[in-house]
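S.K.: Dumping the structure here so I can ask a few things about it.
The values are calculated or read from the model by the stated rules, or taken from the named source; none is laboratory data. What you are looking at is a predicted structure, and each value in this text was computed from that prediction instead of being measured. Ideal geometry is used to build each Cβ from the backbone, glycine not excepted, and the neighbour counts take in all protein chains shown. Accessible surface is based on the protein model in full, side chains and every heavy atom, while ligands, DNA and RNA are left aside. Shrake-Rupley method; radii C 1.70, N 1.55, O 1.52, S 1.80 Å.
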Amino acid sequence: MTPTDPRRCPIVYAAGHGAGTREQRRLQLRTLRGDLIRIHRGVYVAADVWSGLDARGQHVVLTRAVTAGLDERCVIGHHTAAAVWGLPRVHDDYGDAVTVFDPRRSTTSRSTHLLRRPGVVTPDDQVVDDGLRLTTIERTAVDVARTASFADGVLCADAVLRRLVLPHGDRPLDPVVVRALDSRRADLLGRLGPPSHPGNRSARRVLEFASPLAESAGESLLRVVLFELGLSHVELQRVCRDRGRFAGRCDAFLAELGVAIEFDGHAKLTDPEMLQGRRPADVLRERSRRDRRLLGDPAIRVVVHCEYIDLVQPERLAELLRSAGVPLDPRRVTAAARIARRRFTGVTS
């Protein structure tokens with residue numbers, strides 16, 4: 001089944017039919033029957049289409065509904081622009097408000113489903129995509145880095161750098177790629193302005209940490225958690241060789257300790273598209289064979305597999321690493337666990 005494209009799925013504007021008309025009454029009746037979902041004042045979407053969208057997709061459809069009648073000087077930004085661009089974040093909760101920059105505002109204002117932030121977006125920093133006027137992917141990465149948490153900023157910036165530097169997927173970090181990365185990173189950092197500007201210090205930290213080598217949001221989050229555990233020297237997507245032959249790439253590598261870390265998303269064992277007709281047992285057997293190939297590289301002493309729950313509860317990841325001989329400061333583990341609780345539950349204690 002092909003997933004619904006939230007930028008193109010049909011939406012119905014009741015205002016086009018006029019109040020009290022036969023078409024307006026028909027829309028109301030279809031809503032009462034459950035055929036339609038009212039997502040904004042006078043805007044409806046087929047219930048089966050809406051239910052088939054994930055949280056990001058629903059936010060994109062809401063964005064189309066809310067911005068349809070806005071002044072063209074308003075530009076979609078921040079987490080809403082990131083949603084339109086398909087950039088990842090830690091949580092799938094986008095809230096019920098679409099964020100736009102409005103140059104006519106001097107303060108932030110909130111109304112039903114719309115958050116207006118003051119600010120001017122220059123023509124070079126905006127694009128129109130499928131009728132939506134939004135900040136460019138570069139400007140979006142900088143804005144998210146300024147205002148979001150460190151983890152959300154890194155997930156977004158990693159994905160942006162990957163699209164800009166490695167648009168066709170995996171490629172060795174040869175001199176051409178390194179120069180492209182340095183240029184793209186310098187461009188993003190150059191958009192920050194003085195450190196005294198709100199959010200610029202944290203944004204610089206995010207952009208300097210970001211890497212195009214993370215192949216997924218899970219791998220980005222893995223690197224964030226490893227950093228919070230005190231492991232700052234992590235090599236991403238290291239090429240491993242067994243007797244001179246290519247054996248694979250490991251998601252993260254602790255070179256000083258000879259530890260390869262693989263992030264195993266649950267989807268690898270449950271998503272039919274990723275299984276490609278294989279049984280979960282077949283996937284596990286292939287993983288074992290791949291581990292043996294990786295261990296054929298003289299630099300690799302042990303392979304550690306972790307899952308998403310190990311990133312939600314870093315003490316679990318810490319135990320896996322300790323079992324592999326990775327020394328960790330207990331104080332860093334406690335701090336990482338506290339950060340994770342705040343990240344995933346909002347609990348600050």
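S.K.: Test of understanding: among 170, 187, which residue is surrounded by fewer than 16 Cβ atoms within 10 Å (Cβ to Cβ), of a type in the set (Asp, Glu) and not in a helix (DSSP H, G or I)? Even if it seems obvious, please write down each step before you answer.
M.R.: Values: 187 fails: not in a helix (DSSP H, G or I).
Matching residue, one of 170, 187: 170.
S.K.: May I pose another question? Considering segment 190-208 alone, what residues qualify as being under 28 Å from residue 311 (Cβ atoms), more than 14 Å from the chain's Cα centre (by Cα), part of a helix (DSSP H, G or I) and not hydroxyl-bearing (Ser, Thr, Tyr)?
M.R.: If the condition is that a residue be under 28 Å from residue 311 (Cβ atoms), more than 14 Å from the chain's Cα centre (by Cα), part of a helix (DSSP H, G or I) and not hydroxyl-bearing (Ser, Thr, Tyr), then 200, 201, 203, 204, 205, 207, 208 are the ones that fit.
S.K.: Now for a different question. Examine segment 16-29 for a residue that is closer than 21 Å to residue 111 by Cα and open to solvent by 30 Å² or more (accessible area, probe 1.4 Å), and state whether such a residue exists. I'd like the intermediate steps shown before the answer.
M.R.: Keep residues of segment 16-29 that are closer than 21 Å to residue 111 by Cα, which gives none.
Scanning segment 16-29, I find no residue that is closer than 21 Å to residue 111 by Cα and open to solvent by 30 Å² or more (accessible area, probe 1.4 Å), so the answer is no.
S.K.: Confirm whether residue 162 is under 20 Å from the mean Cα position of the chain (by Cα) and on the phi < 0 side of the Ramachandran plot.
M.R.: When the stated conditions are applied, residue 162 passes them.
S.K.: Now, a different point. If residue 248 satisfies every condition in (1) in contact with a strand residue (DSSP E or B) (Cβ under 7 Å, 6 or more places away or on another chain); (2) modelled with pLDDT of 95 or more; (3) not basic (Lys, Arg) but one, which is the exception?
M.R.: Of everything listed in (1) in contact with a strand residue (DSSP E or B) (Cβ under 7 Å, 6 or more places away or on another chain); (2) modelled with pLDDT of 95 or more; (3) not basic (Lys, Arg), residue 248 misses just condition (2).
S.K.: Moving to a separate point now. Out of 32, 62, 70, I need the residue that is among the aliphatic types (A, V, I, L, M), out of contact with any helix residue (DSSP H, G or I) (no Cβ under 8 Å at 6 or more places or on another chain), modelled with pLDDT of 90 or more and open to solvent by less than 20 Å² (accessible area, probe 1.4 Å). Which one?
M.R.: Going through 32, 62, 70 in turn, just one is among the aliphatic types (A, V, I, L, M), out of contact with any helix residue (DSSP H, G or I) (no Cβ under 8 Å at 6 or more places or on another chain), modelled with pLDDT of 90 or more and open to solvent by less than 20 Å² (accessible area, probe 1.4 Å): 62.
S.K.: For segment 51-159, which helices (runs of 4 or more DSSP H) that fit wholly inside it have 1 or more residues that are touching a residue at least 40 places away in the same chain (Cβ under 8 Å) and of a type in the set (Lys, Arg)? Steps first, please.
M.R.: Values: elements: 55-67, 78-85, 137-147.
Helices (runs of 4 or more DSSP H) meeting the threshold: 55-67, 137-147.
S.K.: Among the residues of segment 219-257, write down those that are assigned to a strand (DSSP E or B), charged (D, E, K, R) and crowded, with 22+ Cβ neighbours inside 10 Å.
M.R.: Scanning segment 219-257 gives a single hit, 251.
S.K.: Moving on. Given the conditions (1) among the polar types (S, T, N, Q); (2) part of a loop (DSSP other than H, G, I, E, B); (3) more than 23 Å from residue 142 (Cα to Cα), which single one is not true for residue 211?
M.R.: Residue 211 satisfies all of (1) among the polar types (S, T, N, Q); (2) part of a loop (DSSP other than H, G, I, E, B); (3) more than 23 Å from residue 142 (Cα to Cα) except (3).
S.K.: To continue, here is another question. Condition (residue is surrounded by 15 or more Cβ atoms within 10 Å (Cβ to Cβ), over 21 Å from the mean Cα position of the chain (by Cα) and at pLDDT below 85) applied to segment 258-268: is it met by at least one residue?
M.R.: Checking segment 258-268: not a single residue is surrounded by 15 or more Cβ atoms within 10 Å (Cβ to Cβ), over 21 Å from the mean Cα position of the chain (by Cα) and at pLDDT below 85.
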